[in-house]
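Here, each number is a calculation from the coordinates, and none is a lab measurement. This one's a predicted model, so the numbers in the text were calculated from it and none came from an experiment. Ideal geometry is used to build each Cβ from the backbone, glycine not excepted, and the neighbour counts take in all protein chains shown.
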Amino acid sequence: MSLKAFLDISKPSKWLWHNHTTENHISQQALNDKLKKLVKDANVQTIGQVKFHLLRKFLMGALTRSNFSDWQTKRVLAKEIPTTDSTYLQTLNASIDEKWQIKESGAFPEVYERIRLTGFINHNSTRIEQLEAKIRELETVNVTVRKEMLSVFKEMLAELRAKDIISKDTETKLNKTLAKLEPEA
């Protein structure tokens, strides 16, 4: 839902973000509390604190990395742009709209990948995916090696028993121990 649609439906009396009395702006603490509740309700896993200024900082960094100019970033974040500068930035809104548009392929623009709060998308995500793939590969190798080693041990055990080097009881005990070492299916 766009802000315009929200305003058409909610018709705030005086303030868009008001306190419980609707007579004043919402306090910084109340805003932070609302954000924390939204994050919790959405099951977003966080690292560190949830605060409005940190969310704004996160968004500012993401927009900058997505090639938004300083002016575009300020406008998106509702930061003040002096009238003396704003006069010369008449196409600013249009240039911002272009960057938010969905591309012809149907994929979201680059900025979406940097600002979404679900899925672990940031500069570490590729490294994490590589490490997870390596772990899966090593787990597979581990199972294969264990199976091969157990097979060799069982053959050696049978050979030792055939040559009467170990007793039947010892062979049975060792086979039971080896069975416990079998990888789980």
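Structure notes:
- Pairwise FRET efficiency - residue 97 versus residue 70, Cβ, R0 = 22 Å, nearest 0.05: 0.80
- 3J(HN,Hα) couplings calculated from phi for the stretch 172-180 with the Karplus curve 6.51 cos²θ - 1.76 cosθ + 1.60 (θ = phi - 60°) are, in sequence order, 4, 4, 5, 5, 5, 5, 5, 4, 5 Hz; Gly and Pro show x.
- Evaluated on the stretch 126-180, the Kirkwood hydrodynamic radius is 13.3 Å, with distances taken between all distinct Cα atoms.
- Residue pairs, from the table 37/79; 40/74; 34/57; 37/57; 34/99; 147/173, whose Cα atoms sit over 23 Å apart: 37/79; 40/74; 34/99
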